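Remarks on the structure that follows.
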Amino acid sequence: MIKKAFITGITGQDGSYLAELLLEKQYEVHGLVRRSSSFNTWRIDHIRDRIRLHYGDLVDQHSLVQTLEKVQPDEVYNLAAQSHVKVSFDMPEYTADVTAVGVLRLLDAVRELGMDVRVYQAGSSEMFGKAVETPQNEKTPFHPRSPYAASKVFAHHVAVNYREGYGMHISNGILFNHESPRRGENFVTRKITLGVSAIKRGKMRELRLGNLDAKRDWGYARDYVEAMWMMLQQETPDDYVVATSETHSVREFLEEAFSIAGLDWKEFVKVDRKYFRPAEVDLLLGDPSKAQRTLGWTPKVGFKELVRLMVESDMDGPRH
């Protein structure tokens, strides 16, 4: 029997890598896409003829029920969200509608249809926010510092609630920052690698960034989607931190990225208060020992290799 997977957010970084992984594993892959005037599918264009796309939206429960009923998936991966922290301060209500209540709609659609399906909910290290301990694990209390993070906390607890209340097979992945050449251009890592490329070509003279002292646990998105799949292969659903257990500052990312291009970042980078968050998250560092122990998952790509991958990809030219 061929397994069917349904991915929300299939056109995003994680969705595209997950779709590739599932195709390699001989899944029939379905994805949810929002109807918009600009059809942003560059990340999945190379596999478009091998996947099936359906119009729908996490803010429209009717579309979710209809699509799930039509697809009848074995596994559901909810990767859709308004996922930009800074944007969530500008659009808090929209962020909550998609990233928080959208998850409730999706889980309730699965429950309403009485489907025997395994669900993956994409959590985020931003839920820890002003973390009370370092490193952060599955038992670390959440202290969200943005509307995005607060929405993800709601989604996490709703997933646990539906798992315990209705006996549904739902796993939460608390993924720390994960990057790739397919990362959105408004995220700091990609902003840096695109900036390096533009400066090297003489198309840009300076790069403006916010807090260079913020520290993050950065991994490679392709590695992280494998952990998502592994979670849904377990008999018992659970929650897992997925991280590299290493932390690096934005400044370190800058140094590494510019040095690959043979440039000194200090000559080109300007700190701009405009890019600071209203409430900063200073240090995120994950403890992935449970995922390593239970799932057998370990990251394959390290920090320096990740930065090189991204810089070299953007030096070759943007992928869209």
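Here are a few things to note about the model shown:
- Helix 61-71 and the longest principal axis of the C-alpha atoms of the chain enclose an angle of approximately 70°.
- Anisotropy class of region 5-66 from Cα gyration tensor, a/c 1.5 cut: oblate
- Computed about its Cα centre, the charge dipole of the chain is approximately 800 debye, with only Lys, Arg, Asp and Glu carrying charge at their Cβ.
- In a simple Cβ point-charge model (Lys, Arg +1; Asp, Glu -1; nothing else charged), region 201-278 has a dipole of about 840 debye relative to its Cα centre.
- Charge dipole (debye, nearest 20) of region 72-198; +1 at Cβ of Lys and Arg, -1 at Cβ of Asp and Glu: 420
- Computed from the C-alpha gyration tensor, the three semi-axes of the ellipsoid equivalent to region 227-296 are 36, 16, 10 Å, from longest to shortest.
- Degrees, to the nearest 10: 13-24 long Cα axis against longest axis of the chain: 60
- Relative protection proxy for 211-218, 10-17, 260-267, from highest mean packing down: 10-17, 211-218, 260-267 (other beta-carbon atoms within 10 angstrom).
- With the Kirkwood sum run over all distinct C-alpha pairs, the chain has a hydrodynamic radius of 20.0 Å.
- Over 18 Å (Cα to Cα) - which of 86/130; 200/274; 86/152; 139/300; 130/215; 130/191 fall in this group: 200/274; 139/300; 130/191
- Rounded to 10°, Cα long-axis angle of helix 221-232 versus longest principal axis of the chain: 20
- When nucleic acids and ligands are ignored and a 1.4 Å probe is applied, residue 304 ends up with an accessible area of around 130 Å².
- Taking 25 Å as the straight-line reach from the Cα of residue 3, the lysines in range (excluding those fewer than 8 positions away in the same chain) are 25, 70.
- The spacing between region 66-112 and region 185-234, judged by their C-alpha centroids, is 23 Å.
- Between 166, 96, 313, the Cα set farthest toward the positive side of the dipole of the chain (charges on each charged residue's Cβ, about the Cα centre) is that of 313.
- Calculated from backbone phi, Karplus (6.51, -1.76, 1.60) coupling profile of region 166-181 in Hz, x at Gly/Pro: 10, x, 7, 8, 10, 10, 9, x, 8, 8, 7, 3, 9, 10, 4, x
The values are calculated or read from the model by the stated rules, or taken from the named source; none is laboratory data. Everything numeric here is computed off the predicted structure, so don't read it as measured data. All Cβ positions, even for glycine, are placed from backbone atoms using ideal geometry, and neighbour counts span all protein chains on display. Protein only, heavy atoms only, side chains kept; ligands, DNA and RNA dropped before computing areas. Shrake-Rupley method; radii C 1.70, N 1.55, O 1.52, S 1.80 Å.
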